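Report on one structure; see the data block that follows.
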Amino acid sequence: FGLIPFSFGLYRMVYALCGGYQRRVRQYIAGAPNPELTQSQMEQAYNATQKTARTCVTPAWTFLQKGPATYFYETQEILWVYELNRTVRHGLFLHFNYHYLMVGLLNGQRLQFRMSEEQAEIAMDLFRIHAPFVVRGYLDSLATLFKKDLPEFTRLARSGQLQKDVVLDQNE
């Protein structure tokens, strides 16, 4: 049984060394009409932008780190971002507070990226600066609309009819 964790760790190391965690970025570049130009533009945007250890937002692309994996999106794919605090209790006396950046996508997915509160606040600022069309912050009404009527959420967000900066902290 001791070989299973070792084998999994070895697999993850080989996968990372072979670039498996950046597959979506490589596929996007390879599928571009001019891959070399796209890669160059992407590198310039990434290097010229303020970022956290886990988040880089440019007008064209957004990179989010989750462990060793890079999640990559065209910034236009992102509809909504907000911060989330979650307390996890283990028994009577032991509890941990976790902070997340939540990301709502055009396809209806909601992703969570654990990071420090400071990193999440910087990420929210990066979206405000580089992606002003993204709704930032949490309201129950936004969550309901996102879940029940994504096309309407999208229409309202892109037309500027949804408030762009709302309550910035939410506990679930």
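The values are calculated or read from the model by the stated rules, or taken from the named source; none is laboratory data. Source: prediction; values computed, not measured. No Cβ is skipped: glycine too gets one built from the backbone with ideal geometry, and neighbour counts run over all protein chains shown. Quick note on the areas: whole protein, heavy atoms, side chains included, nothing else; ligands and nucleic acids left out. Shrake-Rupley method; radii C 1.70, N 1.55, O 1.52, S 1.80 Å.
A compact table of results
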{"item": "Residue 69 being at pLDDT below 85, open to solvent by 70 Å² or more (accessible area, probe 1.4 Å) and closer than 26 Å to residue 134 by Cβ", "result": "no"}
{"item": "Some residue of segment 56-75 being assigned to a helix (DSSP H, G or I), among the polar types (S, T, N, Q) and more than 17 Å from the chain's Cα centre (by Cα)", "result": "no"}
{"item": "Residue 45 vs. criteria among the small types (Gly, Ala, Ser), under 27 Å from residue 128 (Cβ atoms), part of a helix (DSSP H, G or I) and at pLDDT 75 or above", "result": "yes"}
{"item": "Criterion violated by residue 123 - all others in (1) on the phi < 0 side of the Ramachandran plot; (2) over 13 Å from the mean Cα position of the chain (by Cα); (3) surrounded by 14 or more Cβ atoms within 10 Å (Cβ to Cβ) satisfied", "result": "(2)"}
{"item": "Options 108, 104: the member that is within 23 Å of residue 27 (Cα to Cα), of a type in the set (Gly, Ala, Ser), crowded, with 17+ Cβ neighbours inside 10 Å and at pLDDT 95 or above", "result": "104"}
{"item": "Answer residue from segment 73-101, given it is of a type in the set (Phe, Trp, Tyr) and either over 22 Å from residue 53 (Cα atoms) or modelled with pLDDT of 85 or more (or both) and is most open to solvent (accessible area, probe 1.4 Å) among those", "result": "93"}
{"item": "Failed condition for residue 52, given (1) within 11 Å of the chain's Cα centre (by Cα); (2) buried (at least 20 other Cβ atoms within 10 Å of the Cβ)", "result": "(1)"}
